[in-house]
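Read the structure below first, then the notes.
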Amino acid sequence: MATIQELLLLGKQTLEDSGNEYAKYERKVLLEEVLGCNYLYMLTHGEEEVSKEQEERFLKLLKRRQEHYPLQYLLGVAHFMDYAFYVDENVLIPRNDTEILVECAIGILSDRERQKDSEHLQVLDLCCGSGCIGISLKLYHEKISLFLSDCSEAALKVAERNLQKYEVKGEILCGDLFAPFAGKADLIVCNPPYIETGVVGTLMPEVKDYEPVLALDGGEDGLDYYRRIIPAAPEHLEDSGWLLFEIGSGQGEAVSELMRKAGFGEVQVKKDYAGLDRVVLGQKMTA
């Protein structure tokens, strides 16, 4: 039987051979998953033998990762906003870039809480996927009423699992965009599909081969969902309510113009930590 140290060395070499630049880190977390212990234990017990079953499971995980199967799907977890969300192939893997969207939304909710009874603030997470955006907002502003909406029943099962994990309340809505939402929100937050159809096939294998195309493909120019959502949003917003989007790095001007044409005011583009346009937000103007 192999030792812990032997598996660590094997994992590093195997992943490096497949071009994985994070091989040293990933072999560690995969072996932690298999053995149920932390890296410090592995370092101090390197000569300890593992069971045959544990060795076989580790080798299977390595093989899947060699095939570019996402690490987050292998582990069933993605870290976002200091939380660990369950993920599987039915949902997009949360990205750090999306945290900018959540941070903007947190600021707006704080302002509206000072203006309005916070127990009546309603937030709609549209195209919610795993629910990481809306649930993060609920964890920061526990009094809001949260609605999680998606057209994928499989994605909503993931969102429901994350609601249960963090023991927060949220209403699950299944349908096309606003179709299942009958109320009016103080804030609508959305990370829609925004990758150009022609670009999807050029993305890294972890994305194009395994993440749901439904959550990636935004049409020929990547703007299809913005064109559908923006004109319909005012009907589902309270007076002076806000609409916030994540966008692709080259879409700030186009999405801003769509929002202005739909009557939104205070339209702004926010950059991510790399200095790229990442969020567009605007406020419903009242007559």
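The values are calculated or read from the model by the stated rules, or taken from the named source; none is laboratory data. Only a predicted model underlies this, so the values are computations on that prediction, with no experimental measurement involved. Here the Cβ is made from the backbone with ideal geometry for all residues, glycine too, and neighbour counts use every protein chain on show.
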Problem - Residue match in region 66-80 (condition: farther than 17 Å from Gly241 by Cα, in contact with a helix residue (DSSP H, G or I) (Cβ under 9 Å, 6 or more places away or on another chain) and among the β-branched types (Val, Ile, Thr)) - result: no
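Does region 17-46 hold any residues that are among the acidic types (Asp, Glu) and either surrounded by 15 or more Cβ atoms within 10 Å (Cβ to Cβ) or not in a helix (DSSP H, G or I) (or both), and which are they? Walk me through it before giving the result.
Taking region 17-46 and keeping what is among the acidic types (Asp, Glu), we get 17, 21, 26, 32-33.
Glu21, Glu26, Glu32, Glu33 - these are the residues of region 17-46 that are among the acidic types (Asp, Glu) and either surrounded by 15 or more Cβ atoms within 10 Å (Cβ to Cβ) or not in a helix (DSSP H, G or I) (or both).
Pick from Lys169, Lys157: which is in the same structural domain as Pro212 (by TED's automatic domain parsing), among the charged types (D, E, K, R), more than 22 Å from Ile229 (Cβ to Cβ) and outside any helix (DSSP H, G or I)? Spell out how you get there, then give the answer.
Numbers: Lys157 fails: outside any helix (DSSP H, G or I).
Being in the same structural domain as Pro212 (by TED's automatic domain parsing), among the charged types (D, E, K, R), more than 22 Å from Ile229 (Cβ to Cβ) and outside any helix (DSSP H, G or I) holds for just one of Lys169, Lys157, which is Lys169.
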Completion exercise
In region 215-254, anything in contact (Cβ under 8 Å) with a residue 60 or more places away in the chain, touching a Cys at 6+ places or on another chain (Cβ under 8 Å) and either farther than 22 Å from Leu276 by Cα or not acidic (Asp, Glu) (or both) is listed as Ala215, Tyr225, Ile229, Leu244, Phe245
Problem - Wholly enclosed strands (runs of 3 or more DSSP E) of region 210-287 bearing at least 3 residues under 19 Å from Glu196 (Cα atoms) - result: 277-284
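Kindly indicate whether any position in region 121-136 is assigned to a loop (DSSP other than H, G, I, E, B), surrounded by 16 or more Cβ atoms within 10 Å (Cβ to Cβ) and aliphatic (A, V, I, L, M). Step through it out loud before you land on a result.
The first filter runs over region 121-136 and keeps only residues assigned to a loop (DSSP other than H, G, I, E, B), leaving 121, 127-131.
Going one step further and asking which of them are surrounded by 16 or more Cβ atoms within 10 Å (Cβ to Cβ), we end up with 121, 127-131.
The next check asks that each one be aliphatic (A, V, I, L, M); those that pass are 121.
Taking every residue of region 121-136 in turn, at least one turns out to be assigned to a loop (DSSP other than H, G, I, E, B), surrounded by 16 or more Cβ atoms within 10 Å (Cβ to Cβ) and aliphatic (A, V, I, L, M).
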